[in-house]
Amino acid sequence: MRTTVQDVMTTEVAAVNEKAGFHTVAQLLIDRQVSGVPVIDDDDRVVGVVSEADLLCKEEFKERYYGDAYFPPLRARLRHMTGSEHGTYRKSQGETAGELMTSPAIVTTPQSPVVAAARLMDKHGVKRLPVVDADGRLAGIVSRRDLIKVFVRGDEEIKEAVLQGLPLHAVPKVHIEVRDGVVTLTGQTDRHTEAISAVRHAENVDGVVAVRDELTWKTDDVALNPPVWGGA
């Protein structure tokens with residue numbers, strides 16, 4: 001069985017209403033020792049995320065001393081209006097979570113595989129994802145630290161997961177050993193393709209760190225039927 005977000009997410013989530021004031025948001029980040037929190041509307045639907053970086057936009061445009069009004073040069077203003085820094089100056093003028101937040105939020109669902117959540121984090125360069133239900137309401141939050149929980153599964157649990165995914169006819173032919181998340185497959189299958197399938201299955205089991213392939217086979221059906229590349 002694949003590990004899903006609901007298996008590792010945190011359900012006690014620090015969140016703020018979009019109408020919450022700047023000081024409320026700042027105090028929550030400090031009290032909960034987090035770098036960002038989801039922003040929700042009055043129906044508990046996630047509308048964005050507010051982070052330390054969003055709050056610091058206000059500091060960026062403060063005067064350094066009396067009369068030192070900071071007006072960014074043209075290049076900086078263009079950078080703030082495009083790309084990842086879009087709306088930086090606007091956020092510096094914000095007073096509420098709704099005005100400070102980054103929106104729309106990058107979210108995931110409880111049923112999503114942890115692999116999909118990890119790829120989403122990597123794609124958008126974020127460290128955590130709000131988890132929402134079918135109606136878009138906040139159900140939890142999942143962080144990078146939560147996702148690595150799959151790698152601390154017990155060796156016996158991993159072995160059982162690998163075993164369950166093998167075809168029944170291959171079970172007595174494949175011997176599985178797991179140590180510290182590293183799976184070693186030994187034995188002899190009837191066909192080369194069966195060995196390849198067993199290895200690929202083991203590699204895709206949550207918690208597997210690496211797979212050592214020591215399988216042999218009776219018939220090399222890969223060599224007998226090599227793949228055809230390209231077209232006519």
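A few remarks follow.
- Contact annotation: residue pairs with Cβ atoms under 7 Å, 6 or more positions apart or on different chains, pairing a residue in region 1-17 that is closer than 16 Å to residue 108 by Cα and modelled with pLDDT of 90 or more with a partner that is of a type in the set (Val, Ile, Thr) and assigned to a loop (DSSP other than H, G, I, E, B), are 5/109.
- The residue that is farthest from the chain's Cα centre (by Cα), counting only those in region 133-148 that are within 14 Å of residue 4 (Cβ to Cβ) and buried (at least 17 other Cβ atoms within 10 Å of the Cβ), is 139.
- The single condition among (1) small (Gly, Ala, Ser); (2) touching a Phe, Trp or Tyr at 6+ places or on another chain (Cβ under 7 Å); (3) farther than 21 Å from residue 2 by Cβ that residue 187 does not satisfy is (2).
- Residue pairs whose Cβ atoms lie under 6 Å apart, sitting 6 or more positions apart in sequence or on different chains, and linking a residue in region 171-189 that is among the hydroxyl-bearing types (Ser, Thr, Tyr) to a partner that is in a strand (DSSP E or B), are 184/177; 184/212; 186/175; 186/214; 189/217.
- Residue 181 meets all of the listed conditions (1) modelled with pLDDT of 90 or more; (2) closer than 19 Å to residue 8 by Cβ; (3) assigned by TED's automatic domain parsing to the domain that holds residue 43 but one, namely (3).
- Scope region 167-220; condition of a type in the set (Asp, Glu), under 16 Å from residue 156 (Cα atoms) and surrounded by 17 or more Cβ atoms within 10 Å (Cβ to Cβ); matching residues: 206
- Residue in region 137-151 that is over 24 Å from residue 181 (Cβ atoms), among the small types (Gly, Ala, Ser), in contact with a strand residue (DSSP E or B) (Cβ under 9 Å, 6 or more places away or on another chain) and in a helix (DSSP H, G or I) present: no
- Selection within region 162-215 - more than 28 Å from the chain's Cα centre (by Cα) and among the basic types (Lys, Arg): 173, 191
The values are calculated or read from the model by the stated rules, or taken from the named source; none is laboratory data. On a predicted model such as this, the values are computed, not experimentally measured, just so you know. Using ideal geometry, Cβ is built from the backbone for each residue, glycine included, and neighbour counts are taken over all protein chains shown.
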